[in-house]
1. Pop the C-beta distance of residue 147 and residue 194 into the FRET formula with R0 = 35 Å and round what comes out to the nearest 0.05.
2. To two decimal places, what compactness ratio does the range 85-240 give when its Cα radius of gyration is scaled by 2.2 N^0.38 Å?
3. Step through the residues of the range 77-91 one at a time and calculate ³J(HN,Hα) from phi using the Karplus curve (6.51 cos²θ - 1.76 cosθ + 1.60, θ = phi - 60°), rounding each to whole Hz and writing x for Gly and Pro.
4. So for the range 222-372, what are the equivalent ellipsoid semi-axes in whole Å, largest first, each being the square root of 5 times an eigenvalue of the Cα gyration tensor?
5. Quick one: how many Å² of residue 238 are accessible to a 1.4 Å probe, rounded to 10?
6. Which distance in nm do the two modelled labels at residue 165 and residue 316 give, with both placed 7 Å along the Cα-to-Cβ direction?
7. Once Rh for the range 175-277 is found with the Kirkwood sum over Cα pairs, what is the Stokes-Einstein diffusion coefficient at 10 °C and 1.306 mPa s, in µm²/s?
8. At 7 Å along Cα-to-Cβ for each site, give me the label-to-label distance between residue 262 and residue 136 in nm.
Amino acid sequence: MATLVTRLCRVPGTAAGPLRLLRAGSARPAAALAVPPHGAPGPPLGLGLGWEAGSGRRPLSFSAAGLVSSAPGPLQPYLRLMRLDKPIGTWLLYLPCTWSIGLAAEPGCFPDWYMLSLFGTGAVLMRGAGCTINDMWDRDYDKKVLRTANRPIAVGDISTFQSFVFLGGQLSLALCVLLCLNYYSIALGAASLSLVITYPLMKRITYWPQLVLGLTFNWGALLGWSAIKGSCDWSVCLPLYFSGVMWTLIYDTIYAHQDKKDDMVIGVKSTALRFNENTKQWLSGFSVAMLVGLSVAGINCDQTFLYYTAVATISAHLAHQIYTLDIHKPEDCWKKFTSNRTVGLLLFIGIVTGNLRKRKNPKEINAINPDI
């Protein structure tokens with residue numbers, strides 16, 4: 001067998017040949033080849049074939065997709081259901097929390113690391129719960145879309161009952177995280193659950209499901225501040241939340257262009273279909289609105305020039321992202337979509353460094369040094 005595989009690999013121009021042979025003999029090609037689902041990059045061809053040919057060892061990889069592929073077989077469908085193999089969604093959910101926590105930090109101080117870690121844990125759990133709910137609602141649609149056809153519920157790796165039990169476990173753990181916060185934040189966090197549950201239905205009702213996703217994904221922009229301060233300062237939190245919603249409209253419209261052909265066939269709605277060839281004009285408008293909101297939030301919490309430098313850098317990033325976007329190439333849409341993690345990190349760095357430049361409150365300094 002090893003000799004046969006070696007000879008196949010040596011035939012010029014037949015790199016796909018071994019893949020076709022392996023797929024022909026496997027009911028689940030993604031699992032057989034240890035290739036992450038939904039178009040995520042997998043191991044090099046030689047490593048994948050070596051493992052399949054009976055080497056008994058999986059290629060060592062420290063990427064999220066590689067770690068999921070290295071997990072025990074029965075666990076992998078649940079990890080993929082949480083999208084742990086594609087952590088970009090967790091980043092996009094987590095980053096608005098970090099912005100709010102950073103802005104709420106005392107002048108001259110770093111953000112609260114305990115809160116950052118707590119919200120990070122919550123982001124993983126709630127993103128997993130949201131994906132589970134989404135796939136439960138969309139199991140019949142997912143079978144008809146090429147990019148989602150091999151999701152665990154759609155292919156039958158996880159039953160509806162199992163997904164309910166798994167969802168209950170994730171929400172229970174997320175509740176434990178929420179209960180670590182103050183009462184105001186517990187009530188505020190619980191209020192977001194209705195958005196988490198209903199968002200997957202919006203694509204059946206309106207061409208603006210991305211707006212509802214924005215309202216859901218950026219709830220942390222409110223919750224992070226209240227977790228630190230005890231309640232929301234709406235002069236800061238609302239502009240920040242608004243900016244996050246605009247940001248989601250940008251990146252998720254780009255994301256939706258990957259599936260627009262399938263969406264038209266099965267009757268699913270999105271802003272990608274609503275905007276069509278006018279997408280870049282809409283995205284430009286959302287970008288301006290986002291930058292205005294960030295500026296207002298910065299002014300209302302006395303941010304320094306380093307914060308506005310980050311906002312200016314973000315504006316350049318968004319301009320380049322939109323100008324170079326090819327909405328007719330799914331691979332380019334995915335590349336632009338994932339680049340938005342950089343946008344979120346730039347803003348967080350700007351918030352932290354800007355806050356460190358602030359002068360500490362004179363009352364606090366006097367409390368520490370009563371002789372001053």
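The values are calculated or read from the model by the stated rules, or taken from the named source; none is laboratory data. Note that this is a predicted model, so its numbers are computed, not measured. Cβ: placed from backbone, ideal geometry, glycine included. Neighbour counts: every protein chain shown. Areas reflect the complete protein model, heavy atoms only, side chains present, ligands, DNA and RNA absent. Shrake-Rupley method; radii C 1.70, N 1.55, O 1.52, S 1.80 Å.
1. Given R0 = 35 Å and the Cβ-Cβ separation, E is 0.80.
2. Scaled against compact globular proteins, the figure is 1.11.
3. For the range 77-91, the Karplus curve yields x, 6, 5, 6, 5, 7, 6, 5, 7, 9, x, 4, x, 5, 4 Hz.
4. Those come to 38, 16, 12 Å.
5. That residue has around 90 Å² of solvent-accessible surface.
6. It works out to 5.4 nm between the two label points.
7. Here the translational diffusion coefficient equals 107 µm²/s.
8. Inter-label distance under the simple model: 2.2 nm.
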